[in-house]
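The values are calculated or read from the model by the stated rules, or taken from the named source; none is laboratory data. The structure displayed is predicted, hence computed values, not measured ones. Virtual Cβ from ideal backbone geometry, glycine too; neighbours counted across all protein chains shown.
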Amino acid sequence: MAVYLPLWETVIICFTLPVAGFFLGVLFQSLIRKFTARFQGRRGPWYIVPKSLRPVVGSTRILQPFWDIMKLMYKQTLIPSTAQRKIFMSAPFVAAASLIIAIWFIPVIGVSAFGPFEFSLIVTLYLMLIVPLTIVASGAASSSPWGAIGSYREVILTLAYELPFIIGIFSTAMLTGILTPVYGGLPLIPGSLSITDIVNFQASHSISFFGFKIPAFFIILNPFAAVAILMSLIGKLKIKPMDIPDAEVEVIAGAYTEYTGKLLGVYEMAKIFLLFVSLTLFIDMYLGGALITVDYLGVPSFIWSGIVFGVEAIILILIISVVNAANARFRIDQAFTWYMKIPLALSLIGLVWPYIMVSLAGAGVNIGISIV
Amino acid sequence: MGLKQKARLYSPWVFHAHCSGCNGCGIEIAAALNPRYDPERIGVTLHNNPRHADIMLVEGIVAKQHVPFLKRTYEQMPTPKAVVAIGSCAITGGVFKPDDDKGPSYTQGGPVDRIIPVDVYVPGCPPKPEAIIDGIIKAAIILSKRD
Amino acid sequence: MSGSGTETRTVEKFSIVDEIKLFLKEMLKEKYIEEKQIQNKKYIIRTTPEYVKPIADYMIRRDGRLVHLTVSDEGVNGFEIQYHYGFDHLETNTHFIIKVRVPREKPEVPSISPITWQASWAEREMMDLLGVNFTGHPDPRHLFLPYEWPEEPESEKVDGFSLYTKRDKSAYYIRKELGKWVPLALSPADAKLTLLPIGPYHPMFIESEYFRVRVEGDEIVDVDMKTGFNHRGVMKLAEQRHYARIPFLVERVCGICSTTHATAYCNTVEAMLNIEIPDRAKYIRTIILELERLHSHLIWLGVAGDLIGFKTLFMWALRDREHVLDLFEKLTGNRVHHDIVYLGGVRKDISEAHIPEIIRRIEFIEESVKKYIDIAYDHPVVKARTMDIGRLTLSTAKDAGAVGPTARGSNWKIDARSSNPYAAYSPEYTTWEVVTDSGGDVWSRLVVRLKEALVSCDIIRQCVERMKSTSPDIRVKPHLPEDGAEAVNKTEAPRGELYYYIKSNGTNIPHTVRIRTPSYRNDAVLPFMLRGQTLSDAPIIIGSIDPCFSCTDRMIRIEDVKTNQVRFERIGDLARKYRRA
Amino acid sequence: MVKGKIKLLKEALRSSGDIQTLDYPSGDPRLDYSQPRFGSGAKYSHICEGLRGAPQYSEEDCCGCAACESVCTANTIKTEDVNGKRVFTIDLGRCVFCGRCEEECPEDAIKLTSKFELAYTGPGSQNPANVRFERDLILCEKCGNPVAPVKQYKIYSEKVLKNLGEKWREQSREDIEKAGKLCRECRRRNAYTLNLHTRKYY
């Protein structure tokens, strides 16, 4: 049964988590820019500005995306006279709001407002899907040909990555159901669709891998689904081979072409929330949610959890940055084909993988892995 | 310095408008983005959409056919905005200005400041990337002081 | 007809020059008015307008290239229309200029565009500029002047653009494939196809140009180019300044191939004066030219990378290109406009002290180009985005008159450096091979450019080595050319063959300067590559010819553009129109 | 397939360790340029010797001959003879930094320096670094037209005299003084009064 926090704590978390998420997202975005810049042989946002320049350009640029957003917030907002005003203006707010709500449902180091809600996974997926929908809507509403092309590409890309993404997520969610009654006469019951349950499952179990005891991260138990999800996230976050909808040289800025000032700022904010939500979701689903329940060395467990969360996020960002730096952009049809080939295949393997594993174990074959 | 000024100074997005130049300044602007100079250190990024930009870099003599486009591109930029004229051609017409000095040549619609207000002038044929970055920083300082 | 120069030279005793002259004499009979040898194997033949078409027919059948087509106003003598035919891809240096005169009052000449596509743009340009009437031109729209000029009534516009000029209201034709002119699919009834305006500002190109692309879904049905945004009146200015000031002016035609322009100009004037520049100057010119090719190809690689979204490649290519620019700054004093090539030689010597540095940096660049070749060969996304895209077959390339790496990517061995040796490119100075590739797609052009960069490194190394044993003279003093002296010269810019024609009138100011840049040719070839491709591939296809619109546009002369009255439709307005439709 | 990928990643790793970004606009612009290093932390000077930057004019050295004007590519340097003065105006906004003036100047009064940070803010396109200076002119005794700048006359008459033999020097000095006060037209008319007129010896 879902166990919720007291009301006032929920309210506090509802306010603090999005703010923390925003700044963490800014940091992640800045890190992506920095890492990508380093791979390209340049310095990227200046983290320590030389002393002589500080009066002009400030002392650090760790929060560069934050400054970008602040600048946009102080800029004039132009709305094309031909645009469909209501949709055009509301779309970025819908995107940002849906992601803020998504943050309430996703536990960050075990803390969440409505995480224990039984279907929080479904709610999160739905809320994440709203973002591409708003982009499509705003591209169509902006009455720019480039916006229209951007929307069209966004639709196709969303269709392409959403399938492996959802299959992958649910195959992982089933793991909790399949693996809970370990071994023997396994009923095919569905697992929990609550992200908190998934996190808790990973935190409370561990795997004995040829005698070694390691945490029961789902990335180990179902690596195929994890890779498929990561590939889908690259499309969701518009990382390099998949940044087709807003490819600058092809379609100016796609759906964002006609956006200026505050509305663009809100979209940029939404992008940052999306980055945070995606990374947190991945960590929750596959890396144990960075949840540590033991106070090692006398240090409180939540500090350990924070450290683990940071390390895991940085590793993910590093992977994303390498992919971003080492790739050219696909054409939209090539991207669709690619998603239908590799990530979909991986996610389908991920779907049957737990069954194979469990049946092998049930048949008495020693695969070296057992859940403790 | 308030948050507003700080934000504007810290994140100047530039837009490159090629107005009938010889391309020399254009490739130097491209070179100013390369790892040797990397203006992203100080928040300068090139955006290819005037609607997203704060600073417009204009090069070239602005041929007559180009004048309405330049004007419109400038109008498309949301305020506050700044313009940097890059290279001798953008400032006066440079080598393409005819000898007799009775005004611009039959094809020249500019110099740029005749069409749109210019804030910073960067002479050079073409200016070095450092000079361009220098101009952008000067323009960003002007920008941050705008309302 | 084989494309190899050496082969024909050894097999045929009866040279092409004699053959063509004999044929023309037979055909023209008493209309073979004047024959003048301007340089070795370069002839001017004067005739009358009615023979223009048969001559063109013969020349094209003889596998000649229509290098350029231009007109000059000769005052009371009327307009002089010149057809420049090149045969240098068959035999070194061979070149014919056919001149015809038409009266100013009724300038009429039969169009040769139905015979060869290569004439189409040039004829349209002349119609724009001087109002020469080319009878029977299939596509007589404005090329450089705005389509709406002079102003059209609102009712006759399609999507806010008038598609027909006053000049010819009947349907015009475009050339879809080799030897076939078909009516343009673009009638007012077909206006339901989406029209996408690309440019004049578009991230696709550094420069401004205006493309109008008709798309059906994602597929490009037709492309139309509107040039004229970069017109600076260079040729006009050149006809007002004295010889010694022009090298610096023509360098500023293009920022990427600046020395090539100056070299072409200086070569032409030197050919007019019949002076030979010192060997050391030749080597220095070659070093600067090849460094320029190197930096041009590297920036192309970067931009091409950017066009397919490979930002990292862009950064790396530009980073390594900085080494070339450092060398430029050291050797000449400026990174882009080197201002080193001058009449009679060069302005600045390359000292011994610079040589180790040149060699070291060249080695570094060679290494990194090799690295990029390896990376590109094995990169699945790069391959997916470049292979089988924007195909240009050899026959189309020949028919449409592609030059430079675009032609060489279609396996056409045409290179002005070998077919028309200048500076230190002839075999007695340096030895090198022309690079070709047979694919004809974007990938082939990429491969050709990268391999050419390696060849450039090799040439520079040879020059640096052989320069040591030359005498220290770097310049001879030029004198004034005599009245009526003419000369043509071709140089190989990084984008392809650059062509100069200069005529003197005995004063210190040239009478005529004509420039035909490589992009002028390659841009005209673009529609052949773009048709039937998807819109996402348009940037890389356009990028693959390494377009240099500032080169192309210096051609026009807008005599009276009432720009403020010309109306261009906004993107937003266009979109509104679609929504209503 | 894999080889290129490995190369790509290797190059990415190498690049991330080999950052060549300059600390511009801070840092020392004049770092050692002689040894380009490709290792980590290498910095390049962004001024090379021989860079053609902002021209520097020495009013003292300038003799006012206007040779620079006649060779100037972009008409940067212009002269005008008004009220007995030759006014030089140098509009840096037009300069293309070709260095022809430096080459042609007989007195080395123009030098291209390596200064390149020339950006200035308005108002107006007038570059604050624009130069305007005057040279005194000798006016013709007869008609009042300008003859030549005083300094140019002085320098070149001395140079001419120095190169002449002993025999002719004194006579020439007189001639030069006489002719130097006349403009070209008047000089032609008065040619026969000179000591060294060739016709006198026929």
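Might you check whether a residue that is under 24 Å from residue A:144 (Cβ atoms), in contact with a helix residue (DSSP H, G or I) (Cβ under 7 Å, 6 or more places away or on another chain), facing another protein chain (nearest Cβ under 7 Å) and in a helix (DSSP H, G or I) occurs anywhere in region A:82-97? Within region A:82-97, not a single residue is under 24 Å from residue A:144 (Cβ atoms), in contact with a helix residue (DSSP H, G or I) (Cβ under 7 Å, 6 or more places away or on another chain), facing another protein chain (nearest Cβ under 7 Å) and in a helix (DSSP H, G or I).
Answer yes or no: is there a residue in region C:341-353 that is assigned to a helix (DSSP H, G or I) and either crowded, with 19+ Cβ neighbours inside 10 Å or not hydrophobic (A, V, I, L, M, F, W, C) (or both). Yes - at least one qualifying residue is present in region C:341-353.
Does region A:39-51 contain at least one residue that is more than 30 Å from residue B:74 (Cα to Cα), part of a helix (DSSP H, G or I), in contact with a helix residue (DSSP H, G or I) (Cβ under 9 Å, 6 or more places away or on another chain) and in contact (Cβ under 8 Å) with a residue 40 or more places away in the chain? Taking every residue of region A:39-51 in turn, at least one turns out to be more than 30 Å from residue B:74 (Cα to Cα), part of a helix (DSSP H, G or I), in contact with a helix residue (DSSP H, G or I) (Cβ under 9 Å, 6 or more places away or on another chain) and in contact (Cβ under 8 Å) with a residue 40 or more places away in the chain.
Is at least one residue of region B:93-102 facing chain C (nearest Cβ under 9 Å), closer than 20 Å to residue B:32 by Cβ and more than 13 Å from the chain's Cα centre (by Cα)? Within region B:93-102 (the criterion being facing chain C (nearest Cβ under 9 Å), closer than 20 Å to residue B:32 by Cβ and more than 13 Å from the chain's Cα centre (by Cα)), the answer is yes, since at least one residue qualifies. State whether one or more residues within region B:24-36 are touching a residue at least 40 places away in the same chain (Cβ under 8 Å), more than 10 Å from chain C (Cβ to nearest Cβ) and touching a His at 6+ places or on another chain (Cβ under 7 Å). Taking every residue of region B:24-36 in turn, none turns out to be touching a residue at least 40 places away in the same chain (Cβ under 8 Å), more than 10 Å from chain C (Cβ to nearest Cβ) and touching a His at 6+ places or on another chain (Cβ under 7 Å). Considering only residues in region C:216-227 that are at pLDDT below 75 and more than 19 Å from residue C:525 (Cβ to Cβ), the one that is surrounded by the fewest Cβ atoms within 10 Å (Cβ to Cβ) turns out to be C:217. Looking across region B:74-85 at every residue that is facing another protein chain (nearest Cβ under 9 Å) and touching a helix residue (DSSP H, G or I) at 6+ places or on another chain (Cβ under 7 Å), the one that is modelled with the lowest pLDDT is identified as B:76. Step by step: first the residues of region D:108-121, then only those that are in a loop (DSSP other than H, G, I, E, B) and surrounded by 15 or more Cβ atoms within 10 Å (Cβ to Cβ), then the one that is farthest from the other protein chains (Cβ to nearest Cβ). Which residue is that? Going through the qualifying residues, I end up with D:109. Among the candidates D:144, D:124, the residue that is exposed (fewer than 14 other Cβ atoms within 10 Å of the Cβ), on the phi > 0 side of the Ramachandran plot and within 13 Å of chain B (Cβ to nearest Cβ) is uniquely D:124. Do the conditions hold for residue C:309, that is, is it within 14 Å of chain A (Cβ to nearest Cβ), crowded, with 24+ Cβ neighbours inside 10 Å and of a type outside the set (A, V, I, L, M)? Yes, satisfied.
Considering only residues in region D:80-107 that are buried (at least 19 other Cβ atoms within 10 Å of the Cβ) and over 22 Å from residue B:87 (Cβ atoms), the one that is farthest from the other protein chains (Cβ to nearest Cβ) turns out to be D:86.
All conditions but one from (1) surrounded by fewer than 24 Cβ atoms within 10 Å (Cβ to Cβ); (2) part of a loop (DSSP other than H, G, I, E, B) apply to residue B:34; the one that does not is (1). Residue C:8 fulfils the conditions (1) at pLDDT below 80; (2) surrounded by fewer than 13 Cβ atoms within 10 Å (Cβ to Cβ) except for a single criterion, (2). For region B:110-135, the set of residues classified as more than 7 Å from every other protein chain (Cβ to nearest Cβ) and surrounded by fewer than 24 Cβ atoms within 10 Å (Cβ to Cβ) consists of B:114, B:115, B:116, B:117, listed by residue number. Entry remark, region A:256-304: residues being at pLDDT 85 or above, in a helix (DSSP H, G or I) and not hydroxyl-bearing (Ser, Thr, Tyr) number 24 in total. Taking region A:56-81 as the range and being assigned to a helix (DSSP H, G or I) and either among the β-branched types (Val, Ile, Thr) or more than 7 Å from chain B (Cβ to nearest Cβ) (or both) as the test, the residues that pass are A:56, A:57, A:65, A:66, A:69, A:72, A:73. So, in region A:37-55, how many residues would count as being more than 13 Å from residue B:41 (Cα to Cα) and either within 26 Å of the chain's Cα centre (by Cα) or not basic (Lys, Arg) (or both)? Total satisfying the criteria: 4. Among the residues of region A:23-32, not a single one is in contact (Cβ under 8 Å) with a residue 40 or more places away in the chain and in a loop (DSSP other than H, G, I, E, B).
Flag set for residue B:71, criterion: more than 9 Å from chain C (Cβ to nearest Cβ), within 18 Å of residue C:230 (Cα to Cα) and not aromatic (Phe, Trp, Tyr). Take the conditions (1) among the aliphatic types (A, V, I, L, M); (2) touching a strand residue (DSSP E or B) at 6+ places or on another chain (Cβ under 8 Å); (3) over 28 Å from residue D:186 (Cα atoms); (4) free of Cβ contacts under 8 Å to residues at least 60 places away in the same chain; residue D:96 misses just one of them, which is (2). Is it the case that some residue within region A:29-50 is more than 9 Å from chain D (Cβ to nearest Cβ) and closer than 30 Å to residue A:116 by Cα? Scanning region A:29-50 turns up at least one residue that is more than 9 Å from chain D (Cβ to nearest Cβ) and closer than 30 Å to residue A:116 by Cα.
When C:285, C:319 are checked against the criterion of being surrounded by 24 or more Cβ atoms within 10 Å (Cβ to Cβ), out of contact with any strand residue (DSSP E or B) (no Cβ under 8 Å at 6 or more places or on another chain), among the charged types (D, E, K, R) and assigned to a helix (DSSP H, G or I), a single residue qualifies: C:319.
From the list C:355, C:375, the one residue that fits, being more than 9 Å from chain D (Cβ to nearest Cβ) and at pLDDT 85 or above, is C:355. Among the residues of region C:371-391, are any surrounded by fewer than 24 Cβ atoms within 10 Å (Cβ to Cβ), of a type in the set (A, V, I, L, M, F, W, C), in contact with a Pro (Cβ under 7 Å, 6 or more places away or on another chain) and in the same structural domain as residue C:320 (by TED's automatic domain parsing)? Yes: region C:371-391 contains one or more residues that are surrounded by fewer than 24 Cβ atoms within 10 Å (Cβ to Cβ), of a type in the set (A, V, I, L, M, F, W, C), in contact with a Pro (Cβ under 7 Å, 6 or more places away or on another chain) and in the same structural domain as residue C:320 (by TED's automatic domain parsing). Scanning region A:99-125 for residues that are surrounded by 23 or more Cβ atoms within 10 Å (Cβ to Cβ), assigned to a helix (DSSP H, G or I) and not β-branched (Val, Ile, Thr) turns up A:99, A:102, A:105, A:120, A:121.
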